[in-house]
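Okay, structure first, notes after.
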Amino acid sequence: MAADPNADAEPDPASVARAIVLRQLTSSAKSRLQLARKLAERNIPEDVAEAVLDRFQEVRLIDDAEFADMWVRSRSQSRKLAKGALRRELADKGIDADTAAAALEQLSDADEEVAARLLVERKLRAGTDLSDRAERDKITRRLASMLARKGYQPSQAFRIVGEVLDAQAETQTDAPDGLRDS
């Protein structure tokens, strides 16, 4: 019985690289840098990785601009992230500043403001006593910190939190005596 001459042959690095990239793109869209990092992890030679990634880019299976647009839409809706946080995430994924800026244009300042207000309103516990100054200050810091972690500017975060708390305090004082939490 003759041995298979290809049994001990190393697999072709280009086909291994193509298989890795296809598998990565099947689960979700990825930037070119993310795919390059994955190929490097799997010890694909850099020249082979570049050639495979170039080919995938030619046939538009890798498109950083499209990836950035999708990423901004998705993360701004699901996580309510501000432009600053989204810009950092895109940079971490290897998206250049111009491409990121173009993708971020789809978010208006008004959209960002509405998202921040919704977050604050959702996180504000019902029945919170806002008449106690120390309690209100603590809540303000907590909510403004939450917005800051999501990439909102401190001045914007404190302004929005203040406006939402003022509106909430106003509804508490407008409640009839029998219904007011006191």
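The values are calculated or read from the model by the stated rules, or taken from the named source; none is laboratory data. Just so you know, these numbers come straight off a predicted model, no measurement behind them. Cβ sites come from the backbone with ideal geometry, for glycine too, and all protein chains shown count toward neighbours. We work out accessible area using only protein heavy atoms, side chains counted, and drop any ligands, DNA or RNA first. Shrake-Rupley method; radii C 1.70, N 1.55, O 1.52, S 1.80 Å.
Condition first: modelled with pLDDT under 95 and open to solvent by 90 Å² or more (accessible area, probe 1.4 Å). Now tell me which residues in the stretch 7-18 satisfy that. Scanning the stretch 7-18 gives D8, E10. If you go through the stretch 135-168 and keep only what is open to solvent by 70 Å² or more (accessible area, probe 1.4 Å) and either in a loop (DSSP other than H, G, I, E, B) or farther than 27 Å from S76 by Cβ (or both), you end up with K138, Q153. One residue alone among I62, I20, I44, I95 is of a type outside the set (D, E) and touching a Pro at 6+ places or on another chain (Cβ under 8 Å), and that residue is I44.
Within the stretch 34-49, residues that are of a type in the set (V, I, T) reach no partner that is outside any helix (DSSP H, G or I) with beta carbons closer than 6 Å at six or more positions or on different chains.
When each of D69, D92, D63 is tested for being at pLDDT 95 or above and over 24 Å from A17 (Cβ atoms), the lone residue that passes is D69. Identification of helices (runs of 4 or more DSSP H) wholly contained in the stretch 19-103 with 3 or more residues that are surrounded by fewer than 17 Cβ atoms within 10 Å (Cβ to Cβ) and polar (S, T, N, Q) yields 64-78. Within the stretch 51-77, residues that are over 22 Å from G151 (Cα atoms) reach partners that are of a type in the set (D, E) and open to solvent by less than 60 Å² (accessible area, probe 1.4 Å) with beta carbons closer than 8 Å, at six or more positions or on different chains, in the pairs Q57/D63. Screening the stretch 104-124 for residues that are more than 15 Å from A167 (Cβ to Cβ) and not in a helix (DSSP H, G or I) and picking the one that is most open to solvent (accessible area, probe 1.4 Å) gives E105.
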